[in-house]
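A quick write-up on the structure given underneath.
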Amino acid sequence: MAGRNGKKTMGSLVLSLGVCVVAAGVIYVFVPHDDSEKTPVQRVDYRVELLSARRAASYPVAAPEGLSKSWKPTSVRYKGEANEAWHLGFLDPEGQYVAVEQSTDKPARFIDDASQGAESTSRKQTINGERWQRYQGEKYDALVLKQKGATTVVTGTADFAQLTKMAEALRMERAESA
């Protein structure tokens with residue numbers, strides 16, 4: 001007798017579970033939901049961090065001037081203890097990511113890290129009188145400027161036209177000594 005009751009109990013459990021799964025599926029299908037809604041990325045004001053980085057860094061720190069308001073700054077940081085690493089992230093007018101990265105780290109390691117593994121191409125372009133090297137990758141493309149003391153990388157998911165717009169807008173400055 002105990003064996004028969006055990007089979008009934010197991011069968012009832014499976015049947016109940018099936019009913020619950022069907023009910024959850026019906027609720028999911030008929031209850032309205034919008035998976036496309038995302039929390040909007042907040043605009044950041046990077047002026048204070050920029051001024052601090054320009055005072056602390058041993059190289060002229062890059063930041064754009066004159067970009068339209070449709071370029072949205074989203075992240076900023078300066079890590080002096082980590083090879084004087086400067087980061088400034090943006091969303092371009094099409095919603096693609098563009099970042100300005102600078103560091104005194106070894107160029108090969110820094111470029112690989114900043115560009116998410118993009119590789120050097122044979123293409124170079126002149127921007128504001130400087131020769132920038134193009135890099136292409138699966139995740140990010142990049143424009144790279146190697147200068148004495150620091151390397152500058154403009155990188156992201158945006159196309160080269162948008163990366164070039166950012167690079168053209170960059171002003172590399174150091175803070176005036178007091």
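The values are calculated or read from the model by the stated rules, or taken from the named source; none is laboratory data. Just so you know, these numbers come straight off a predicted model, no measurement behind them. In this analysis, Cβ positions are derived from the backbone assuming ideal geometry, glycine residues included, and neighbour counts consider all displayed protein chains. What goes into the accessible areas is simple: the full protein's heavy atoms, side chains included, and nothing from ligands, DNA or RNA. Shrake-Rupley method; radii C 1.70, N 1.55, O 1.52, S 1.80 Å.
Among (1) over 17 Å from ALA62 (Cα atoms); (2) surrounded by fewer than 16 Cβ atoms within 10 Å (Cβ to Cβ); (3) touching a Lys or Arg at 6+ places or on another chain (Cβ under 9 Å), which single condition is PRO107 missing?
Every condition holds for PRO107 apart from (1).
Would you pick out the residues in segment 128-170 that are closer than 13 Å to GLY117 by Cα and surrounded by fewer than 17 Cβ atoms within 10 Å (Cβ to Cβ)?
Within segment 128-170, GLN136, GLY137, GLU138, LYS139 meet the criteria.
Is it true that GLU173 is out of contact with any strand residue (DSSP E or B) (no Cβ under 6 Å at 6 or more places or on another chain) and either open to solvent by 50 Å² or more (accessible area, probe 1.4 Å) or over 22 Å from GLU49 (Cβ atoms) (or both)?
In short, yes.
Looking at segment 104-135 only, could you name the residues that are under 21 Å from HIS87 (Cβ atoms) and in a strand (DSSP E or B)?
ILE127, GLU130, TRP132, GLN133, ARG134, TYR135
Quick one: how many residues across segment 94-148 are in contact (Cβ under 8 Å) with a residue 40 or more places away in the chain and of a type outside the set (Ser, Thr, Tyr)?
So the answer is 15.
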